[in-house]
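One structure is given here, and the rest of the page talks about it.
What follows draws every value from the coordinates through simple rules; no lab data is involved. The structure displayed is predicted, hence computed values, not measured ones. Heads up, the Cβs are rebuilt from the backbone with ideal geometry, glycines too, and the neighbour counts pull from every protein chain shown.
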Amino acid sequence: MKSHAIARRRATIAAGRVGLIALAALAFSAPARAAAADVSGDLVLLDWAAGSEEDMLKALEAGFMKAYPNVTFKEINLTTQGDQRGAIRAALQAGQKADIFINTWPAFRKELVDAGMLKDLTPLWTGAGIGDNLSSSWKDLGSIDGKLYGITYTFGDRSAMFYTTATMKKAGITAQPKTWDEFVANFKKLNDVKVNPIAIGAKVWSHTEWFESIYEHLNGVDMAAKLTSHQIPWTDPSVKNTLKKYAELIKAGCCGDANTMLAMDWDNASDAVLKAGTYGYQMIGMWNNDRAQSTDGLKQGDDYFITQFPAMGAGHDDVASVDTKEFSEFANAANPAAADAFLAWIDTKDAADIVAQHGLASPSTKVDGSLYGPVIKYSVDAVANAKVQFVMGDLLPGDLVDEYRVQLQKFLQDPSDATIDAVTQDLEAKAASSY
Amino acid sequence: MTEATSDIEGVANKSPKSPATGGGRRKLAAARWWKNGDVGAAYLLLVPVLVLFAFSVIYPLFQTIWLSFWDIKGLYPPKFTGLGNFLALARDATFQHAVVTTLLWTGCTTLLSVGAGWGISLLCALAPRQTLMPRVLIFAAFGVSEAVTGYIWLGIYRPDAGGLLNSVLTAMGLGGLAHPWLGDVNTALWCLIIAYSWAQTGLPLILIYAATQAISKTVIEAAYIDGAESGAIMRHIIAPLSLPGLRVALFINLLGSLRAFDTIYVLTAGGPVRSTETIGFFMYRESFTQFKLGYGAAATLVLLIAVLIISIPAIIQRTKEVR
C-alpha cells in the first residue's frame, strides 16, 4: 500500500512537473510569439556574398522569416571583384540605406565606427541573451574599445593546410607532421617525387598567410595584436625573427622559385595542390573546402584533407589564425527592431545548423556538430582548442596592408638578412603614417 | 599691266571687311542662316548632346578637380588639403615609379600596335582581296574586351604546365626557356605590352588600310606602267599616302594605352612588386581599394593633363586638315 501511495505521489508529482513545464513553455512561447509578431516590415541587407555563401545567406533569410513571419528581407546586392570594401563604401557614400550588412574586416569595422555609422550592440548582447549561444571570445573579436559592433555567424581556420591524400601517398607520408621539424623533414620526401612542398600564391596576398601563422606561433597572439595596432614597430625583433624563420622555409626548398610564387594567385596555388598534384600543401581559408568540392569535384576526407600548422616549440603553439564573418547594424537603420531580432537570432540553434548544413563553421555553442563534414569538423576542433588571432592583414589600415603585401613580395624575391632589414624599415615607415 | 595682274591687285587691295572678302562672305552667310532660323534648330539639336556631355563629362570632371583638393580616407570625415594631394604625389616614390612605367608602357604599346597595324595594312594594300580574312581576324581581336584579352593571355603565360607558351616551348625542345613570365619583374611588363598590343593592332590596321584604299588607283597603275616594283610602290607611294591614317591611329592608340587598366588588372594586378603599375592602376588602387578618393582624383588629373598634352595639338592639327 505504502509503495502504491508513494508511486501515486510520485506519479502526481511527475504529472505536476510535466504540467508546470508545459505551462512554462506556453508562458514562454506566448510572449516569444508576440514579440516575433511585433517585429515586422522590411529588413534591408547590404549584401556582397557570392556563390555558396550567398546560398547560405538565402537559407538564413528564409529561416529567419519563418521565425519572424512579418519580416521581409530585402537586399542591396553589390557585385564586386576583389576587395569588396570599395563597393560597400561607394554604396554607403551614394546614400544607400540598409539596416544590416556583412563584414569580414575588423579594420573596416573600426572605420565605420569612427564615422559613427555602426550601432553599439553591447545592450543587445545582454538583453537578448546572445551570450547563451556565443562564447565571450567571439564577443571580444567583434568589439572595439569594449563595445560590440559585430555578431559573428561564421568563421574559418586560417592556420590549416590543404593537401591531397594521393600526393601524400605518393611521397610516402603516412602521418601529417605535428612539429615544425617534422614538417620541414617531409620536404625531401615530397621533392623526391617531384612535388614542391608548399604552394604559395604571392601574386596578390596569400603569401602573407605564412608570415602571420609563423609570427603567431613564435610570438603569441598578444604580440600579434600589438603589431597590428602598431604598439610595437615593424622593425621589432619579433618581425625580423619571423621573416628569418620564413626564409628558412624558402631556403629549405619549400616553394619552388620566387618568380613562380609571384605569378600565382591563391586559386592557382589551390589548383596546383588539389588538381595537378604538383605541390603538397597550401595554407588558405576554408572557402577552399567548398571550391575543392564544387570546382574540383573532390571528396573531403577521402581525396583531400587539412592539417593544422605545425608546432614550433616557442611556447605559443596553442594559437590559430581565423577569419570571421559578422553582421553589423547601421546606426541609422530604418527597422532597428527587425535588425536586432535578426542579430539575436543568427547564432541560435536553428541559424547555426543552417550555417553548418552549408559547409561552414558556426561559432554557436548550440550548433549540431554532426552536420559538419570532416574538414570543417577538424578545423572547428582546432580553433576550439586554440587562442584565436584574426588574420593580421585584415586588421591593418588600408594603406599599410597594401605595402605589407608588396614588401613581403620583395622578401620572397630575396629572403636575405639585408632584405629583411630593408623590408621591415619600409613597413615601419609606412606604418608611421598609416594610423 | 595685264588683266590677270590687275585682278590680283584688286583682290589684295580690298578691305578685309568688304563683302567680297572671305570674312564678309561668312558674315553674309551667317546672317542668312540666322534669318532662316537654322541656328535655333542647330542649337536645339545640340541640346541633348550638350546635356549628356555636361552630365557625363563636365560634371565628373569638376567633381574630380574638387575632390583632388580634399584628404579623404575611407569613410572618415574629409579634410580640405588644397594642393596637398598634388604635393604628396610629387613626393610619392610609388607614383613616380608609376609615371615611368606609364611612359614605357604607353610608348611601347603604341609603337608596337600601330607599327604592326601599319606594316600589315601596307601588305594588305597590295593584295586587298586575298588578305580579307587575316584583316577580319586581326580586327576581331580589337573587338574583344580588355578583360577577356587579359584572361586569354593569362592562359598563355601561366607558369605551370597548363601555360600555352611554356607548353609550346617545351614541345619544341626549348623547355629551358619556360619561365614564370608574369612573376618576374624583368619580364612581366613586356608580357603585358605584347598582350595589350595584340588586342590593339586591329584598329590601326583598319584605319591605315582605309587610308591606303583612298589612294587613287591611277597613281599606282601609273607607277606599275613606269616599271616600279611592288616594294618601291609601297615605299614611295602607299606608305607616304597612308600617313593621315597612321596619325589618327597613333593618336587613338596613345590615348587608349594611357588609360589602359583591365588587362593589367587581370594579368598582374600591378605586380610583381608594383613593376607593372601604371598611373591608371595607381589611380584605381588609391581610389577604389584604399578609398583615398582625393589622392586618387589628384592622380587622375595628372593623367588627364598628360592626355590633354597629347590630345590638344593632335586635335588642332586634325581640325586644320579638315578645313
| Going by the alpha-carbon gyration tensor, a ≥ b ≥ c the square roots of its eigenvalues, is the stretch B:168-212 rounded (a/c under 1.5) or, if a/c is not under 1.5, prolate (a/b greater than b/c) versus oblate? | oblate
| note | Of the listed pairs A:K147/A:K226; A:K139/B:K79; A:K97/A:K203; A:K226/A:K387, those with alpha carbons more than 25 Å apart are A:K139/B:K79; A:K97/A:K203
| query | Averaged over A:405-412, how many beta carbons belonging to a partner chain fall within 10 Å of each residue's beta carbon? | reply | 3
| query | Taking the alpha-carbon set of the stretch B:156-249, what are its Rg and Dmax in Å? | reply | 20.8, 58
| How would you order B:287-297, B:134-144 from highest to lowest mean count of nearby Cβ atoms within 10 Å? | B:287-297, B:134-144
| query | Taking a quarter of the surface of the convex hull around the Cα atoms of chain A, what do you get in nm²? | reply | 25.3
| Which of A:T122, A:T79, A:T104 moves most in a GNM of chain A, Cα contacts under 10 Å? | A:T79
| field | Point-to-point label distance, B:V307-B:Y59, nm (Cα→Cβ direction, 7 Å offset) | value | 1.8
| request: On a C-alpha basis, how far is the centre of the stretch B:166-217 from the centre of the stretch A:384-435 in Å? Whole number, if you could? | output: 36
| request: First obtain the Kirkwood hydrodynamic radius of the stretch B:93-322 from its Cα pairs, then insert it into the Stokes-Einstein equation at 4 °C and 1.567 mPa s, and state the resulting D in µm² per second as a whole number. | output: 67
| field | Rounded to whole Hz, the Karplus (6.51, -1.76, 1.60) HN-Hα couplings of the stretch B:231-240, x for glycine and proline | value | x, 5, 4, 5, 5, 9, 10, 5, 4, x
| field | Per-selection Rg to Rh, the stretch A:335-435 - Cα, Kirkwood hydrodynamic radius | value | 1.19
| said: Let's test this: bin the Cα-Cα distances of the protein assembly as shown at 20 Å from zero up to the farthest pair and state each bin's percent. | reply: 13, 38, 30, 13, 5, 1, 0, 0
| query | Isolated Cys in the protein assembly as shown by the 4.7 Å beta carbon test? | reply | B:C108, B:C124, B:C191
| task | Please give the contour-minus-distance gain from B:K320 to B:V49: 0.36 nm per residue of separation, less the Cα-Cα distance, rounded to one decimal in nm. | result | 95.2 nm
| query | Arranged by the count of other C-beta atoms within 10 angstrom, fewest first, what order do B:D262, A:D340, A:D38 take? | reply | A:D38, B:D262, A:D340
| query | Which FRET efficiency value, to the nearest 0.05, do you get for A:S137 and A:A94 by plugging their Cβ-Cβ distance into 1/(1 + (r/R0)^6) with R0 = 51 Å? | reply | 0.90
| request: Please give the contour-minus-distance gain from A:Q357 to A:E428: 0.36 nm per residue of separation, less the Cα-Cα distance, rounded to one decimal in nm. | output: 21.2 nm
| note | So the FRET efficiency between A:K251 and B:R91, C-beta based with R0 = 30 Å and rounded to 0.05, is 0.25
| query | At a Förster distance of 30 Å, what's the computed FRET efficiency of A:Y435 paired with A:D318, Cβ-Cβ distance as r, to 0.05? | reply | 0.55
| note | Proxy exposure order for B:L111, A:L412, B:L45 (fewest C-beta within 10 Å first) is B:L45, B:L111, A:L412
| said: Can you find, among B:V273, A:M161, B:G82, the residue sitting farthest towards the positive end of the charge dipole of the protein assembly as shown, where Lys and Arg contribute +1 and Asp and Glu -1 at Cβ? | reply: B:G82
| query | Taking the highest mean first, how do the peptides A:355-368, B:207-220 order by number of other beta carbon atoms within 10 angstrom per residue? | reply | A:355-368, B:207-220
| message | Please compute, for peptide A:76-88, the average count of beta-carbon atoms on other protein chains lying within 10 Å of each residue's beta-carbon. | response | 2
| field | Normalised contact order of chain A, rounded percent, pairs of Cα under 8 Å and 6 or more residues apart | value | 24
| note | Label model pair B:A161, B:R25: point-to-point distance (7 angstrom along the Cα→beta-carbon line) in nm is 7.7
| query | Within 10 Å of each Cβ of A:268-281, how many other protein chain Cβ atoms are there on average? | reply | 1
| message | Nothing charged except the Cβ atoms of Lys and Arg (+1) and of Asp and Glu (-1): what's the magnitude of the dipole of the protein assembly as shown about its Cα centre? Round to the nearest 20 debye. | response | 1460
| What is the dipole size for chain B, taken about its Cα centre, with +1 at each Lys and Arg Cβ and -1 at each Asp and Glu Cβ, in debye to the nearest 20? | 940
